[in-house]
Amino acid sequence: MRRPMRVLFALFLLLGTPALVSAQDARASVFDSETNGFTLDQNYPNPFNPETTIPFQLGDDVFVDGRGAVVSIRIFNVLAQLVAHPVALRHASGEGVPVDQLEYTQPGRYEAYWDGTDQMGRQVASGIYLMQLSVNGMKPITRKMYVMK
């Protein structure tokens, strides 16, 4: 009984304050880019069905001593369970490489693609999902996205 109540409470908080959360997310993205050297922009389209593009930026600060930046993007459900890793678009390693400890060699704007499936290849249900960008093990940036069917 406790777990369903926590899930409902979390959904209420997420759905009940979208304007406040969006403003906080925007400020967090700017703050994180100033301190960490990377940003996670809002996916588009959002809401989406069944696929979306996830833009992110890597600044000069994440490339230390000529080494590449190690990037991971993870998709979680509202229960904080890992759902999927999106794939890189236009990466030097080729199209469709999962963005999981993937190395980028230079600063710039990049994109990842998620087809709306979980790790087993099944379409995910409608709802709120969280995308999380981590670079070189620094504090990750997290944003919400919505799947609507």
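Read-outs throughout are calculated quantities, based only on the coordinates presented, and are distinct from any laboratory measurement. In this text the structure is predicted, and so the values were computed from the model without any measurement. Methodologically, a virtual Cβ is constructed for each residue, glycine included, from the backbone with ideal geometry; neighbour enumeration extends over all protein chains shown.
If a residue has to be of a type outside the set (Asp, Glu), out of contact with any Leu (no Cβ under 6 Å at 6 or more places or on another chain) and either surrounded by 16 or more Cβ atoms within 10 Å (Cβ to Cβ) or not in a loop (DSSP other than H, G, I, E, B) (or both) to count, how many in the range 47-65 make the cut? Explain how you work it out, then say what you get.
Of all residues in the range 47-65, those of a type outside the set (Asp, Glu) come to 47-50, 52-59, 62-64.
Restricting the remaining residues to those that are out of contact with any Leu (no Cβ under 6 Å at 6 or more places or on another chain) gives 47-50, 52-55, 57-59, 62-64.
Going one step further and asking which of them are either surrounded by 16 or more Cβ atoms within 10 Å (Cβ to Cβ) or not in a loop (DSSP other than H, G, I, E, B) (or both), we end up with 48, 52-55, 57-59, 62-63.
Going through the range 47-65 one residue at a time, the tally reaches 10.
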Sort out which residues of the range 101-119 are more than 18 Å from TYR44 (Cβ to Cβ) and either surrounded by 16 or more Cβ atoms within 10 Å (Cβ to Cβ) or touching a Phe, Trp or Tyr at 6+ places or on another chain (Cβ under 6 Å) (or both), and write them in order of number.
-> LEU102, TYR104, PRO107
Look at LEU40 and say whether it is touching a Phe, Trp or Tyr at 6+ places or on another chain (Cβ under 8 Å) and either farther than 12 Å from GLY116 by Cβ or in contact (Cβ under 8 Å) with a residue 12 or more places away in the chain (or both).
-> yes
